[in-house]
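Some notes on the structure that comes next.
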Amino acid sequence: MRRLNHLSALLFTLCAGTALAQTDPGQAAASNQAAAPNQAETLDQAAAPPAASAARSPMGLPLGWRSEFGAGLIVNPKFAGSDEYNVTPIPYFDFRYVDEAGTKYFANVPQGLGGFLYRSGSQASGNSFKVGASIAPGFNVRDDSIDGLDEVGVSTEARLFVEVARGRWSGNATFAQDVGSGHEGAYLDLSVNRRGRLMNGRGFYAVGPVLRFGDSVYKDSLFGITPEESIETGLPEYSAEAGVERLGLQALVSLPVGKSKWRFTTIVRGSQLIDNAADSPIVVDETQFFLLTSLTRNF
């Protein structure tokens, strides 16, 4: 597990270093959000005031770079299908560049390092179409708690995502391919979110269903048992073919701490393994949870 924690910290540090290298200190402005995976534009809209001036972002904030720092905690299964969980404290950061259309570039813990390649529609009205890309950490792992099974560490994923927003609703499709030494496969995430404001617009939420499809490489790395592993573990050989992996519900809540510049943000996801992912001999609990929570300050 130490290796997983070290790799996570390295990924976050690389993202932070790259973002800082591009930041103009004279343009830095305070951020008031921390985004869920692949939801930067969705949450810009959710947190936006009813109207914004032309000289400011749709959220009413100065244009340019904004930054947010703090501490976070990630809770994720020790392996896909485990009934035990890793609890990993992490440094949390969120850098983003905002122009008249909203967020253009970002670097933060759940989304990684990336930006939007195409944006159309009216951000202020909540109707938009976005295409973006990023490099981000993937936390689906298989650790050495199962003797005889190959370990799968935190992955480095290249992601391409498309988002359509209409009022308080948005839909997202994200394709991810591991380009590091994690699951080495690819998957497709589909999600729908209902967004809204809390605490007179100073807080916000997003909630909705999520569905994941994985290719055979991705699913085999997490759920498969090779002949060699079968001999080592005594478990039957198993191959998880491409298809649906899980169906779940994800929610984000972000709230200010009093009237300070501090903000508390929580992302939680509960999902159910289905199809041949749930049938794997290594699966102990088909119901899986993920939690990322952070306390951050705007600068």
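A few comments on the model shown:
- Residue within the stretch 237-246 that is of a type in the set (S, T, N, Q) and touching a residue at least 60 places away in the same chain (Cβ under 8 Å) present: no
- Test: residue in the stretch 227-238 that is over 21 Å from residue 292 (Cβ atoms), part of a strand (DSSP E or B) and small (Gly, Ala, Ser): no
- Taken together, the criteria place residue 273 among residues that are over 22 Å from residue 108 (Cα atoms), modelled with pLDDT of 95 or more, aliphatic (A, V, I, L, M) and buried (at least 20 other Cβ atoms within 10 Å of the Cβ).
- Conditions (1) without any contact (Cβ under 8 Å) to a residue 40 or more places away in the chain; (2) under 30 Å from residue 262 (Cβ atoms): number failed by residue 106: (1)
- For first residues located in the stretch 266-281 and in contact (Cβ under 8 Å) with a residue 60 or more places away in the chain, partners that are of a type in the set (Gly, Ala, Ser) and lie 6+ apart or on another chain with Cβ distances below 7 Å form the pairs 267/36; 271/248; 273/81; 277/240; 280/81; 280/240.
- Condition met for residue 173 (of a type in the set (A, V, I, L, M, F, W, C), more than 19 Å from residue 265 (Cβ to Cβ), crowded, with 18+ Cβ neighbours inside 10 Å and within 18 Å of the chain's Cα centre (by Cα)): no
- Pairs are defined by a Cβ separation below 6 Å, a sequence spacing of at least 6 or placement on different chains, a first member in the stretch 171-193 that is within 13 Å of residue 136 (Cα to Cα), and a second member that is polar (S, T, N, Q) and open to solvent by 10 Å² or more (accessible area, probe 1.4 Å); the pairs so defined are 174/38; 179/156; 180/156.
- Residue count, the stretch 276-299 (criterion: in a loop (DSSP other than H, G, I, E, B), open to solvent by 70 Å² or more (accessible area, probe 1.4 Å) and not aliphatic (A, V, I, L, M)): 3
- Matching residues, the stretch 96-128, being of a type in the set (A, V, I, L, M) and not in a strand (DSSP E or B): 101, 109, 124
- Taken over the stretch 190-201, residues that are modelled with pLDDT of 95 or more and out of contact with any Leu (no Cβ under 7 Å at 6 or more places or on another chain) amount to 4.
- Qualifying residue in the stretch 242-257 (condition: of a type in the set (Asp, Glu) and surrounded by 17 or more Cβ atoms within 10 Å (Cβ to Cβ)): yes
- Any hit, the stretch 111-121, residues being open to solvent by less than 20 Å² (accessible area, probe 1.4 Å) and charged (D, E, K, R): no
- Failed item in (1) outside any strand (DSSP E or B); (2) surrounded by fewer than 17 Cβ atoms within 10 Å (Cβ to Cβ), with residue 220 passing the rest: (2)
- Residue under evaluation residue 168, criteria (1) of a type in the set (Lys, Arg); (2) within 23 Å of residue 115 (Cα to Cα); (3) in contact with a Pro (Cβ under 6 Å, 6 or more places away or on another chain), criterion not met: (3)
- Looking only at the stretch 183-208, and only at residues there that are touching a helix residue (DSSP H, G or I) at 6+ places or on another chain (Cβ under 8 Å) and either under 23 Å from residue 242 (Cα atoms) or charged (D, E, K, R) (or both), the one that is most open to solvent (accessible area, probe 1.4 Å): 184
- Matching residues, the stretch 252-299, being of a type in the set (A, V, I, L, M, F, W, C), in contact with a Phe, Trp or Tyr (Cβ under 8 Å, 6 or more places away or on another chain) and more than 17 Å from residue 139 (Cβ to Cβ): 253, 255, 257, 282, 283, 295, 299
The values are calculated or read from the model by the stated rules, or taken from the named source; none is laboratory data. In this text, all values refer to a predicted model and were calculated from it rather than measured experimentally. No Cβ is skipped: glycine too gets one built from the backbone with ideal geometry, and neighbour counts run over all protein chains shown. Keep in mind that these areas ignore ligands, DNA and RNA; they rest on the heavy atoms of the full protein, side chains included. Shrake-Rupley method; radii C 1.70, N 1.55, O 1.52, S 1.80 Å.
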